[in-house]
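One structure is given here, and the rest of the page talks about it.
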Amino acid sequence: MKRYLVPIFLAFIIAGCTQAPDRLYHPKAIFKAEIKDNDVYYTFYVKGIVYNSNSERVFRDVKGEVRISSGKSVTVLPFEIPPLLPFQKYTLNVEKTGKENEMKPLLDLFRVDIDRLITGGYMNFSDEMDIPSGNFDFVIINYTTENIFDIIKKGRSDEN
C-alpha cells in the first residue's frame, strides 16, 4: 500500500510547483487627456510585463485585475491574457477612461498636473510614472494550464 502513496505524493508536489504569473514586472502608469464633445476625458494606462516562469506549463484563459488604490477609492482594470508558453513574456496594457470627477482619485494619486495635460485643445500624454507598490495589486482570478509536452504530442498525432 505504501508504494502507491509515493506516486500520489509526487504528483501533488509536482502540481504544487506550478505557479501562475503572480506579478506585473515594471508597472508604469501614463495619463492622456483629450477633448471630445466639448468635454475633457482622461485615460489612465497601466503597462507592464507578465512572465510565465514555468518550464512545462502553458497558461490559457488567464483573466485578472489590476487594482490601483488611491485613498478610499479603488480602480479596477480587468484584463485577459492570450496563452502564455513556458518562459514567455507578455506586455500587458490596460486602460480606463473617464471624466475628471471619475479620474480625480488617480490624477491626485499620481500628482498629475491637469493644466499640463490640456494645452491648446490638443491631447497630451504624461510622462511614464512608476506605480507605488503599496497602491498596486496584480490579481489572477482564473486560468487553466496544460503541459507543453502534451500539446506537442497532440499536435504530432493530429499530423498523422
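Tabulated data for the structure shown
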item	result
Distance violations [Cα-Cα > 31 Å] among K47/K153; K63/K99; K89/K153; K47/K154; K28/K154	K47/K153; K47/K154; K28/K154
Computed accessible area, R23, all protein chains, 1.4 angstrom probe, square angstrom	120 Å²
Region 19-154, relative contact order [Cα under 8 Å, separation at least 6], %	36 percent
Rg followed by Dmax, in Å, when the chain is reduced to its Cα trace	21.4, 79
Helix runs (DSSP H) in the chain reaching 30 Å along axis by Cα, Kyte-Doolittle at least 1.6	none
Farthest toward positive dipole pole in the chain [+1 Lys/Arg, -1 Asp/Glu at C-beta], among N147, P78, P27	N147
Rounded to the nearest 10 Å², the accessible area of I151 at probe 1.4 Å	40 Å²
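The values are calculated or read from the model by the stated rules, or taken from the named source; none is laboratory data. Predicted model only: the values in this text are computed from it and were never measured. We place every Cβ from the backbone using ideal geometry, glycine too, and count neighbours over all the protein chains shown. Quick note on the areas: whole protein, heavy atoms, side chains included, nothing else; ligands and nucleic acids left out. Shrake-Rupley method; radii C 1.70, N 1.55, O 1.52, S 1.80 Å.
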